[in-house]
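S.K.: Got a structure for you, questions after.
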Amino acid sequence: MTKFPHTAYDEKNGANTPVLNAVRKTERILKLFTPGPIAMDPQTIAEAGKQSQYFRTPEFSSLMLDCVKMLQTVLGAPDSARMIFLTASGSGAMEASVINLFTPSDKVLVISGGTFGKRFKQICGIHHIPLESIDLEWNEAFEPGMLAPYENSGFTGMLVNMCETSTGQLYPMDEISGFCRRNNLCLVVDAISSFLCDDFEMAASGTDAVIISSQKGLALQPGMSFVAVSEEAFETRCKKNKAASLYFDFTSYYPEILRGQTEFTPAIGIINQLHEKLKRLEKSGGPSKQIACVGELARYFRAQLGEKTGFAFPRYPLSNCVTPVLCPKNNAKEIVNTLRYTHDIFVVPAAGDLADSTFRVAHMSPQLTKADIDQLIGLLAKI
């Protein structure tokens, strides 16, 4: 699926060393069951191999404006939404969104069910933005009733990862959106993992800002993130707050976007890939086909996992994008390394206290097939 030279990182020696089972190969075909970067489409790979053009030109501006319009459509964002193109990782876009939309005079509520919920809390702490959080234990499902104690409690905003990538849990956006509307909260949604994997529309959900990144469902190279901000949130918050940042001030980006440019040098190659990918999505009728494909792969993997192996997965609502796999023998690290170094299959280890008991299998890429899943299931069954 993805071709690389036949070396791999040796974690003990800190260097690239030959893979033992591939010494005689000139290249390896890696299967990426990872939640970003994911296996890229052939058309995207071809686009990535081209020379980047100079970008301060009318031609590039036209391409950018195409991207803005198509991205608004795919996100289900209103035409009035302010699109911000950041050459930054998803965490950079999370921080940029927080500092543009909130100040120390706000009070935000965070759903913290894993690594990225905690990241929102870290960002707020660094920037002295008061917060309270709904902290979930591992394997604990978020319930809409957990919001009840926070009704009419002086909150001005809410931060949520639609899918908590570290656990795979998919939060109920209808209930969360309803809570924010009732309480007049500015709702910021990290849809980085869910985008093009789960159904979501910015306008329909009443979201004030939505964050996505290039290396997830879009299947582009890593390096860019995109934030769509509602007109009201931009005018009443971003303009009023004037973020204390040179690089992340949305009010300096937006006038540039209107003319098809960015404030600073963008990742030009990724924008070219984005344009090509969005054109294909447009021709195929929109994101529904890709979401259906990812959903089918997720359901197939989970059914096969339960039927043919000794592994299980959590029973809280899961995103289509990733499945956490629970290891009854606490041998997750061994499984991850065996798949990687013996079979050229990449799954993702969990972190911290879950490192021994859990690994994750992502289904984000339409380049994955049921045959790939059958191969992985067969190996897990043997293990």
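S.K.: Taking region 240-271 only, how many residues are touching a residue at least 12 places away in the same chain (Cβ under 8 Å) and either touching a strand residue (DSSP E or B) at 6+ places or on another chain (Cβ under 8 Å) or small (Gly, Ala, Ser) (or both)?
M.R.: 14
S.K.: Just to be sure before I move on: is residue 213 surrounded by 24 or more Cβ atoms within 10 Å (Cβ to Cβ) and in the same structural domain as residue 112 (by TED's automatic domain parsing) in the structure I sent?
M.R.: Yes.
S.K.: Moving on to the next point. Return the pairs, sorted by first residue and then second, in which the second residue is surrounded by 16 or more Cβ atoms within 10 Å (Cβ to Cβ) and assigned to a helix (DSSP H, G or I), the first residue lies in region 175-204 and is of a type in the set (D, E, K, R), the beta carbons are less than 7 Å apart, and the residues are 6+ apart or on different chains.
M.R.: 190/94; 190/116; 198/291; 199/291
S.K.: Another question, then. Determine whether region 321-330 contains at least one residue that is over 15 Å from residue 166 (Cβ atoms), under 24 Å from the mean Cα position of the chain (by Cα) and not assigned by TED's automatic domain parsing to the domain that holds residue 165.
M.R.: No.
S.K.: Could you name every one of the strands (runs of 3 or more DSSP E) located completely within region 128-219 that has at least 3 residues being at pLDDT below 95 and among the hydroxyl-bearing types (Ser, Thr, Tyr)?
M.R.: none
S.K.: Among the candidates 330, 320, which residue alone is surrounded by fewer than 18 Cβ atoms within 10 Å (Cβ to Cβ) and either of a type in the set (S, T, N, Q) or farther than 26 Å from residue 42 by Cβ (or both)?
M.R.: Every option except 330 fails the conditions.
S.K.: Hey, can you tell me all the residues within region 289-304 that are touching a residue at least 60 places away in the same chain (Cβ under 8 Å) and either surrounded by fewer than 17 Cβ atoms within 10 Å (Cβ to Cβ) or within 24 Å of the chain's Cα centre (by Cα) (or both)?
M.R.: Those that are touching a residue at least 60 places away in the same chain (Cβ under 8 Å) and either surrounded by fewer than 17 Cβ atoms within 10 Å (Cβ to Cβ) or within 24 Å of the chain's Cα centre (by Cα) (or both): 290, 291, 293, 294, 295, 297, 298, 300, 301.
S.K.: Do any strands (runs of 3 or more DSSP E) lying entirely in region 1-102 carry at least 1 residues that are modelled with pLDDT under 95 and polar (S, T, N, Q), and which ones are they?
M.R.: It comes to 2-4, 7-10, 15-18.
S.K.: Still on this model: Which residue pairs have Cβ atoms under 7 Å apart, sit 6 or more places apart or on different chains, and have a first residue in region 371-383 that is farther than 15 Å from residue 344 by Cβ and a second that is among the basic types (Lys, Arg) and surrounded by fewer than 21 Cβ atoms within 10 Å (Cβ to Cβ)?
M.R.: Note: pairs meeting the criteria are 377/308; 381/308.
S.K.: Just need a number here: residues in region 183-197 that are of a type outside the set (A, V, I, L, M, F, W, C), farther than 15 Å from residue 76 by Cβ and crowded, with 24+ Cβ neighbours inside 10 Å.
M.R.: 2
S.K.: List pairs: first in region 56-77 and over 15 Å from residue 201 (Cα atoms), second of a type in the set (D, E, K, R) and surrounded by fewer than 15 Cβ atoms within 10 Å (Cβ to Cβ), Cβ under 7 Å, 6+ apart or cross-chain?
M.R.: From region 56-77, the pairs are 61/259.
S.K.: Still on this structure, I have one more. Considering 278, 246, which residue is at pLDDT 95 or above and touching a helix residue (DSSP H, G or I) at 6+ places or on another chain (Cβ under 7 Å)?
M.R.: From the options 278, 246, the qualifying one is 278.
S.K.: Considering only region 246-279, how many residues are farther than 16 Å from residue 88 by Cβ and either not in a helix (DSSP H, G or I) or not assigned by TED's automatic domain parsing to the domain that holds residue 62 (or both)?
M.R.: Result for region 246-279: 3.
The values are calculated or read from the model by the stated rules, or taken from the named source; none is laboratory data. Every value quoted in this text rests on a predicted model; they were computed, and no experiment measured them. Cβ atoms come from the backbone with ideal geometry, glycine included; neighbour counts cover every protein chain shown.
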